[in-house]
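Since the structure comes first, as structure tokens, the remarks are kept for the end.
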Amino acid sequence: MRGTVLTFTKVADLPGRRGRAGIIHTPHGDIPTPAFIPVGTKATVKTVLPETMKELGAAAILSNAYHLYLQPGPEVIDQAGGLARFMNWDGPTFTDSGGFQVLSLGSGYKKVLSGEFTGSGRADHTVADKKERHAHVDDEGVTFRSHLDGSQHRFTPEVSMQIQHQLGADIMMAFDELTTLLNSREYQVESLERTRRWAERCLAEHERLTQERADKPYQMLYGVIQGAQYEDLRRKASRDLSGMKVAGRRFDGFGIGGAFEKENLATIVDWVCEELPENKPRHLLGLSEPDDIFAGVEAGADTFDCVNPSRIGRNGGLYGRYGRFNLTRSEFKRDFRAPVAGCNCYTCKNYSIAYLHHLFKAKEMLGFTLATIHNEYFTVQLVRGIRQSIIEGDYPAYKERVLGDFYGGEPLRSHWG
């Protein structure tokens, strides 16, 4: 049932930085921040049980509105009692809006998301060589061609809100257009205004659905900040969305989106967070590498999501204290020690690196599961450590130790201890 909505409580500040520790309050439980939010695109973190994700420390799961719209359909999940109940996940859930597919199926189809910025405008309406655009953007919304069967579908801000309300996630993202760093400034300006108008429509539809579905728990809606690498556009978007009020409704928090050049990440997030209100949470979309997370936290981001821990695990890569290494290396064939020395995850406490090596060489799916469990645990616990270090006042030492070890250039020390 609806009640007073208290979205975020700050617990501690990071001296000299915008970073903070806090708590996001949701109907399905609290999310202590900073926090890494594992991605379960289709209502599952690939190859891993939801119960296992809870055991390894995940505070929430993020799923994809576009993919769940196609399979099994939002009405099915609504009838099941919402995303968390459908997937037997005992905790909060996020959904993105489908905005990422504007890029991944449209102008970004089969292209890298960043790359060297040219400002030439040649990427505004093109796709990769010998590829066909699967999404077309106009001022009203986006027309998609399904990657599953080629059928045509239409997403608008209203449709995205309707889908996400049916999915029942605790935190939803407003429908936005994600551009690439190759888009011209002129197109970035045009796109940003389109995203602003879509945000207004999302708020209006969110309010309508909130009233219509008054018997359901309240769902928070985040506005998504775009603007590429341009300071004036990022600040404008932040001011526009943080000041926006439609039908009495404001955004409950904010997503920081867009493709980032790594060296500009902290600067861009800092611009955005300087403009955003202190009493609302900020989610940085699509990042999970340790140095990026530290940079994002210092600049003011509270939560993060990314597919990398599971994707890297399914490809035989493991994170460890001293970097990342591959399980298929020949020296692991007869090595019966834990995959990562000192790690307390289920995988490292119960299996040897020789066994994981065997599973990947034999192409057994259990290898995907065990590697993903470890990588998700590593990332979740790393960010938990950041939170604790902020609260205890020893963040600089924690950062120096973690990044110094991880990027020290000897990744196999992860295993040797």
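The values are calculated or read from the model by the stated rules, or taken from the named source; none is laboratory data. Everything numeric in this text was worked out from a predicted model, so none of it was measured. Quick reminder, even Gly has a Cβ in these numbers, built from the backbone with ideal geometry, and neighbours come from all protein chains shown. Side chains included, ligands, DNA and RNA excluded: accessible areas come from the protein's heavy atoms. Shrake-Rupley method; radii C 1.70, N 1.55, O 1.52, S 1.80 Å.
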Contour minus Cα-Cα span, Thr143 to Glu261, at 0.36 nm per residue, comes to 39.6 nm
Quick one: accessible area per residue over the chain, 1.4 Å probe, rounded to a whole number of Å²?
41 Å²
Have a look at Thr210, Asn315, Pro27 and report the one farthest towards the positive end of the charge dipole of the chain, computed about the Cα centre with Cβ charges (Lys/Arg +1, Asp/Glu -1).
Asn315
For Arg413 and Arg250, extending 7 Å from Cα along the Cα-Cβ vector and measuring point to point gives, in nm, a value of 4.8 nm
What 222 nm value per residue comes from the helices of the chain, counting each DSSP H run with n ≥ 4 as -39,500 (n - 2.57) and dividing by all residues, nearest 500 deg cm²/dmol?
-11500 deg cm²/dmol
Label of the coordinate-derived value, Rg and Dmax of the Cα atoms in Å, listed as (1) 23.3, 102; (2) 21.0, 65; (3) 24.0, 87:
(2)
Using 0.36 nm per residue, how much length does the chain from Leu49 to Ala214 gain when fully extended, once their Cα-Cα distance is taken away?
56.2 nm
How high is the FRET efficiency between Ala341 and Arg311 when r is their beta carbon distance and R₀ equals 25 Å, given to the nearest 0.05?
0.55
Note down the nm distance, to one decimal, between modelled labels 7 Å out along Cα→Cβ at Lys42 and at Gln381.
3.0 nm
Cross-link table Lys46/Lys363; Lys54/Lys361; Lys42/Lys262; Lys245/Lys280, entries beyond 25 Å C-alpha to C-alpha
Lys54/Lys361; Lys42/Lys262
Protein-only accessible surface order, largest first, of Asp149, Asp78 at 1.4 Å:
Asp149, Asp78
Percent antiparallel among DSSP beta bridges confined to the chain, rounded to 5, stands at 50 percent
FRET efficiency for Glu364 and Gln79, Cβ-Cβ distance as r, R0 = 45 Å, nearest 0.05?
0.80
Taking a ≥ b ≥ c as the square roots of the Cα gyration tensor eigenvalues, with a/c under 1.5 meaning rounded and otherwise prolate when a/b beats b/c or oblate if not, the range 226-331 comes out prolate
Judged on accessible area alone, 1.4 Å probe, highest first, Cys202, Cys343 line up as Cys343, Cys202
Order the following by accessible area, largest value first: Glu140, Glu200. Probe radius 1.4 Å; ligands, DNA and RNA are ignored.
Glu140, Glu200
Going by Cβ distance under 4.7 Å, what cysteines of the chain have no possible disulfide partner?
Cys202, Cys273, Cys306, Cys345
